[in-house]
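Just below is one structure, and these are the notes that go with it.
Just so you know, all these numbers are worked out from the coordinates, no wet-lab data involved. Predicted, not measured: the structure shown is a model, and the values here were computed from it. Neighbour counts run over all protein chains shown; Cβ positions are idealised from the backbone, glycine included.
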Amino acid sequence: MSSLNDSQSGMSPPPPRGPSNGRSPLRIVPLGGLGEIGMNCMALEQGDDVVLVDCGVTFPTTDLGIDTYHPRFDYVVGHKERVRAVVLTHGHEDHIGGLPYLLAHLDEDVPVYGPAHALELVKHRLAEHGYGDDEVELIPVAPRKTYEAGSFSFEPIRVTHSIVDAVALAFRTSAGIVVHTGDFKLDPTPPDGELTDEERLAELGDEGVSLLLSDSTNVDSPGRSTSELSVGQTLEEIVKRAKTRVIIGMFASNVQRLAMLAKVAVATRRRICLLGRSVQAHVRAAEICGRLKFPSDLLVPPEHLGSMPRDRVLIIASGTQAERMSALVRLAAGTHPLLRLDPGDVVVLSSRIIPGNDRPVFEMMGDFLRMGIDLKTWLTDRGVHASGHAHREEQTRMIELCRPRSFVPVHGTLHHLVRHAALAREVGVSDVLVAENGEVVELPRGQDDKLAKAARVTVGKVATYGGDELPDEVIRERAQLGRSGVVMVSLVLDRRGSVAAPPRAVQRGVVDQEEGASDVMRAAALAVSRAVADTDGRTRTSDEGVTELVRLAARRVIEAKTGRRPIVLVALSRI
């Protein structure tokens, strides 16, 4: 189901194309991730070529039957003959989850470049959407090597993050070197030993970086982020002290933390059980890429949990954001089919709350506490989690390494972007511009020219459920149903268009029975009868005309009596 239906296809005109001789300015077109957390997607355009950096999703904060949102692809569809590649920075869902939907809108084969671990996760996502093994060209990249995509060349640069195999990207463009940090931190002791390549970033700075696009997520956090290695040490101490079951809730993509927990399990003579499809999928992908290797006898199937001693199991579960039907939510509710927790069991939420998820997460935490669970979270035990995003000191260091002529903050709400822009000015960058999704930023070739907003393109979110895109009208109707309810009016007319039987109106979610729902519905039915009787014969012969007449008559009465404007559906039949 395409999101680009007739009601949505009125795209704003694209920025004027420059010549393809390499002298055109570079245009940055953010389609997601600027002005919001998640759904990262950005286009780089020069001459006749467009390259996309990442294509992610974001998750709903309301329950309208939506799995994820991906960016609107109006701009991409309008330029699809010019799209040369998609380049991924890492394998988090907010950077790769929208890729299957994007590829469905592209007629020609477009190669997807990315780190090997990210591409393994992409394969899993593509398979879920019915893509064959070789249907999409997936090209693994390695740090410090150069790749070509149309008139662009780009070089991945190793960065540390809360997922393995993450990279920044250095593009060589008509306007000079552009560095996109992706999500990063400057962890001095990453468990896998792969440090952010500050040496290479400094070399690029020496060469001359025209533009730095840098991660803004943790701009409100002073100092430096906590090292991932210290999280492993904290979790090891918790597991060593525990005399019962230990359940670690974590972001499934954090392979380094999974590897550390495997060592903790071995040291404490516990077996590991993976609960949740997400964590199982990430473990498989990491094992295939050689990024994770569990001892052959370490894992125990979930079906065996009930028969294992409580002090001999370490459970790793997904669902830290209280996602509906996730392993952690079902454990907290006591509805998991394979395991019921006991008072005294230890649950560690080795995660942070993503903005917008506060309410469901705190409800899940309350459920654990009511069960008598020994609950440890980042709010009570800071050492159980470390962010994968740079704090202010690290963001400053990134600017100092690259020494860019111009700066545009990315990855964050407008608040984050504005604060990061101010930080760049404090560090000494004079040409700084804040842009949000849809605002096209132009980087000219001249050393003395400044960043400028050159145009605006259509952007937005497309809701998905079960792999299908949901039209905006469906989401609007669902929201209205939740706010005001629905009324069904049934009407029978004879051959002359007269009312053959008294109309009937029934409601759901409009008014409680004790508040006089029957009286309201009778009044609505009577208003329908009168409206049909008072209208002319020509209107009565038209099903469409009668339906609209009935809908408006019923809703006017209901609104007058209740103050609510429900959706009114009409079932019309003729005898």
Cα principal axis extents for the range 146-286, largest first, Å: 61, 33, 25
Distance histogram in 5 Å bins (all Cα pairs of the range 61-149, percent per bin): 3, 12, 24, 24, 20, 11, 5, 1, 1
In nm, spacing of pseudo-spin labels at Ala104 and Asp342 (7 Å Cα→C-beta vector): 4.7
Cβ-derived FRET efficiency at R0 35 Å, Glu477 paired with Thr535, nearest 0.05: 0.85
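For the range 483-575, which trypsin sites (Lys or Arg not before Pro) are both in a DSSP coil and crowded by at most 12 other Cβ atoms within 10 Å?
Hits after loop and neighbour filter: Arg495, Arg496.
Between Tyr465 and Arg496, what is 0.36 nm times their sequence separation minus the Cα-Cα distance? Round to one decimal in nm. Don't jump to the answer; show the numbers that get you there.
Working: separation 31, 0.36 × 31 = 11.16 nm, distance 4.47 nm.
Roughly 6.7 nm would be gained on extension.
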Estimated inter-spin distance, Glu393 and Val266, nm [label 7 Å along Cα→Cβ]: 3.3
Interatomic Cα distance distribution for the range 228-379, bins of 5 angstrom, percent: 2, 10, 21, 25, 23, 15, 5, 1, 0
The range 473-574: mean projected area of Cα convex hull, nm²: 6.3
Using alpha-carbon coordinates, inclination of helix 255-267 to the longest axis of the chain, degrees: 70
Long-range HN-HN contacts of Ser24 with modeled amide H, under 5 Å: Gly47
Backbone HN-Hα couplings from phi across the range 319-331 [Karplus 6.51/-1.76/1.60, Hz, Gly and Pro as x]: x, 5, 9, 6, 4, 4, 6, 6, 4, 5, 4, 6, 5
Lysine pairs meeting the criterion (Cα under 30 Å, 8 or more apart or interchain), as found in the chain: 29
Glu135 versus Leu552: modelled label distance in nm, points set 7 Å from Cα along the beta carbon direction: 4.7
Radius of gyration and Dmax over the Cα atoms of the range 97-136, both given in Å: 9.5, 26
Cβ-derived FRET efficiency at R0 25 Å, Leu379 paired with Leu229, nearest 0.05: 0.70
The chain - Debye-derived log10 I(q)/I(0), Cα point model, q = 0.09 Å⁻¹: -0.79
Efficiency of FRET between Ile575 and Lys145 - r from beta-carbon atoms, R0 45 angstrom, step 0.05: 0.05
Charge dipole of the chain about the Cα centre (unit charges at C-beta), most positive-ward option of Ile157, Ser351, Val408: Ser351
Rounded to the nearest 20 debye, dipole of the chain from Cβ charges on Lys, Arg, Asp, Glu: 1740
